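The values are calculated or read from the model by the stated rules, or taken from the named source; none is laboratory data. Please read all numbers here as calculations on a predicted model, not as lab measurements. Every residue, glycine as well, gets a Cβ built from its backbone with ideal geometry; the counts of neighbours run over all protein chains shown.
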Amino acid sequence: MAGLFFDDYDTPVFRPPSEADSFILRVTRGCAHNSCTYCNMYRGVKFEKLSDEQIMRQIAIAYSVDRDGVRRVFLADGDALVLPTERLLKILNTLKKYFPNLERVSSYAAPGDILRKSLDELKQLREAGLQLLYYGMESGDSQTLKDIRKGVNGEQSIEVGKRVRAAGMDLSIMIILGIAGVPGSERHALATAHAINEIKPTHLSALSLMLYRGSELKDQFERGEFTPLPPYGLMEELKVIVEHLDLPETEHMIFRSNHVSNYIRLAATLPRDKEKLLADIDESIRYLKSKKNYDVYNHDWTK
């Protein structure tokens, strides 16, 4: 089944690209944090924890439409783990009861929500079927995290990832190239590489900064308070990150930069493909630098 979800459509529903074929089960509406300066996903959306009745209605409809076809479920919206562990366990057990072919349940994970859960709670959720969390770390740099109002510092962002991995869950970390602008680029890159080395996630996705209408970061850019990196600068920043990755040979981290925000699509398994990835990044830098008349801000950055 492809992208099945039910609920009213009065507010947007977001999910990772890899969850395109999942049953999108909305358990919250909006984002409880909703303060990050670069994000406009849930601006104007009042945060709400959906009731048991609202959640069961979605499950019942999915059951009636394609009971045997539901193999993956993604818990929406922006931070489903804000729900108490008891409620999440109840939801996970209900999903197993209704869908006999269920293979995986996943969710976005806000850092504050993870830090409020003990390791034992996360292990309970893993045992109940929550196998994969998508964590928008964005940066491992404390100053950058403070500037973008992520709600955690660098050490806390690392603790978030380590706690998820210690619980036995797969972890997909998202970082944003260019999030610190030109002045903070190297600091952001080095601290982010350090965080990845410490956490050792199973998946790593590199997104490129886009300045969205309604975000504070776009307002800062228009006031001349934020200087974004040019396209080749984003690749130079990624090169610094990859150069400083020092993962054990036994690790198997899937790297992707195939988000719609990216100028260049890259893929690798690290650390095995590190040298090839660096060569691909160098080629990308040369290509982007060759675009002499390229409009840096024409990448939907000011829309």
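Scanning region 1-29 for residues that are at pLDDT 90 or above and not hydrophobic (A, V, I, L, M, F, W, C) yields GLU19, ASP21, SER22, ARG26, THR28, ARG29. Residues in region 215-250 that are touching a strand residue (DSSP E or B) at 6+ places or on another chain (Cβ under 7 Å) and among the charged types (D, E, K, R): GLU237 alone. Evaluating ALA32 against the criteria (1) outside any helix (DSSP H, G or I); (2) modelled with pLDDT of 90 or more; (3) of a type outside the set (Asp, Glu); (4) surrounded by 15 or more Cβ atoms within 10 Å (Cβ to Cβ) leaves one unmet condition, (2). Taking (1) closer than 19 Å to HIS33 by Cα; (2) touching a residue at least 12 places away in the same chain (Cβ under 8 Å) in turn, THR94 satisfies each apart from (1). Restricting region 131-149 to residues that are farther than 26 Å from GLU19 by Cα and not aliphatic (A, V, I, L, M), which is surrounded by the fewest Cβ atoms within 10 Å (Cβ to Cβ)? Filtering region 131-149 for residues that are farther than 26 Å from GLU19 by Cα and not aliphatic (A, V, I, L, M), the one surrounded by the fewest Cβ atoms within 10 Å (Cβ to Cβ) comes out as LYS146. Here ARG87 passes the criteria (1) of a type in the set (D, E, K, R); (2) more than 27 Å from ASN258 (Cα to Cα); (3) at pLDDT below 95; (4) out of contact with any Lys or Arg (no Cβ under 6 Å at 6 or more places or on another chain) except the one numbered (3).
Can you work out which of the residues in region 226-276 that are among the basic types (Lys, Arg) and buried (at least 17 other Cβ atoms within 10 Å of the Cβ) is farthest from ALA180 (Cα to Cα)?
Checked region 226-276; the qualifying residue farthest from ALA180 (Cα to Cα) is LYS274.
Being under 25 Å from TYR38 (Cα atoms) and in contact with a strand residue (DSSP E or B) (Cβ under 7 Å, 6 or more places away or on another chain) is a property that holds for TYR263. Looking only at residues of region 97-121 that are of a type in the set (Gly, Ala, Ser) and in contact (Cβ under 8 Å) with a residue 24 or more places away in the chain, we find that the one that is farthest from VAL13 (Cα to Cα) is GLY112. When region 150-171 is filtered for residues that are surrounded by fewer than 24 Cβ atoms within 10 Å (Cβ to Cβ) and assigned to a strand (DSSP E or B), only ASP170 remains. The single residue among TYR63, TYR42, TYR38, TYR108 that is among the aromatic types (Phe, Trp, Tyr) and farther than 21 Å from TYR135 by Cβ turns out to be TYR63.
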